[in-house]
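For reference, the structure discussed in these notes is given below.
The values are calculated or read from the model by the stated rules, or taken from the named source; none is laboratory data. Keep in mind that what you see is a predicted model, and the values were worked out from it rather than measured. Cβ placement follows ideal geometry from the backbone for every residue including glycine, while neighbour counts extend to all protein chains displayed.
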Amino acid sequence: MRSRELSADYVRRAKARLAAVDALFDEQSWADVVRESQEVVELALKGLLRAVGIEPPRIHDVSDVLMAERPRFPAMIQQDLDTLAAGSRTLRRDRELAFYGAEDLTPSGFYTQEDAISAREIARRTVATIEPHVPGACS
């Protein structure tokens, strides 16, 4: 029972962060939209993993776990696993760069509105895809 509550909590928190993503988007804080979108995806996917009885690893990108454990997911979500995994991998690559930058890169000067639009769409699509498959996550 505890895992079910935890999986729903992960997805509810991911949904709450979508509102933060929208607020950051309205402020034209493109790097922060990318970073927060990654966290939305991470929480949602870990909620999905817990919902099917898989303890998520303490890493930011769980795409390999999704692929390795494909048979454990309901058929309705299996068809979306490739897309979900690709979104996780894409946003994971930008996680630290969008937050910290680099010696020769300032996040606010590097990330564009197009990057933010793409990241936000991945986050929204991930939550919308996962939510019906996690008991207790729907509001």
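Of note:
- Boolean, A85 is farther than 15 Å from V134 by Cβ, surrounded by 15 or more Cβ atoms within 10 Å (Cβ to Cβ) and among the aliphatic types (A, V, I, L, M): yes
- Output for the range 91-138, where each listed residue is aliphatic (A, V, I, L, M), at pLDDT 95 or above and surrounded by fewer than 17 Cβ atoms within 10 Å (Cβ to Cβ): I117, A128
- Residue match in the range 107-117 (condition: at negative phi, among the hydrophobic types (A, V, I, L, M, F, W, C) and touching a Pro at 6+ places or on another chain (Cβ under 9 Å)): no
- Selected residue (criterion: nearest to L49 (Cα to Cα)) from residues of the range 71-89 that are under 14 Å from the mean Cα position of the chain (by Cα) and among the polar types (S, T, N, Q): S88
- Meets criteria (within 15 Å of D32 (Cα to Cα) and surrounded by 12 or more Cβ atoms within 10 Å (Cβ to Cβ)) for D64: no
Let's see how each residue does on (1) over 24 Å from S118 (Cα atoms); (2) in contact (Cβ under 8 Å) with a residue 60 or more places away in the chain; (3) acidic (D, E):
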position: E39; (1), (2), (3): no, no, yes
position: L43; (1), (2), (3): no, no, no
position: G53; (1), (2), (3): yes, no, no
position: I59; (1), (2), (3): no, no, no
position: R72; (1), (2), (3): yes, no, no
position: R89; (1), (2), (3): no, no, no
position: E96; (1), (2), (3): no, no, yes
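- When residues of the range 102-118 are limited to those that are without any contact (Cβ under 8 Å) to a residue 12 or more places away in the chain and not in a helix (DSSP H, G or I), the one nearest to V52 (Cα to Cα): A102
- Selected residue [modelled with pLDDT of 95 or more, buried (at least 24 other Cβ atoms within 10 Å of the Cβ) and in a helix (DSSP H, G or I)] from A44, A16, A20: A44
- Verdict on I59 being closer than 19 Å to G136 by Cβ and either among the charged types (D, E, K, R) or in a loop (DSSP other than H, G, I, E, B) (or both): no
- When G47 is tested against (1) over 16 Å from the mean Cα position of the chain (by Cα); (2) closer than 18 Å to G136 by Cβ, only condition (1) is not met.
- Hey, G53 of a type outside the set (D, E), in contact with a Ser or Thr (Cβ under 8 Å, 6 or more places away or on another chain) and not in a helix (DSSP H, G or I) or not: yes
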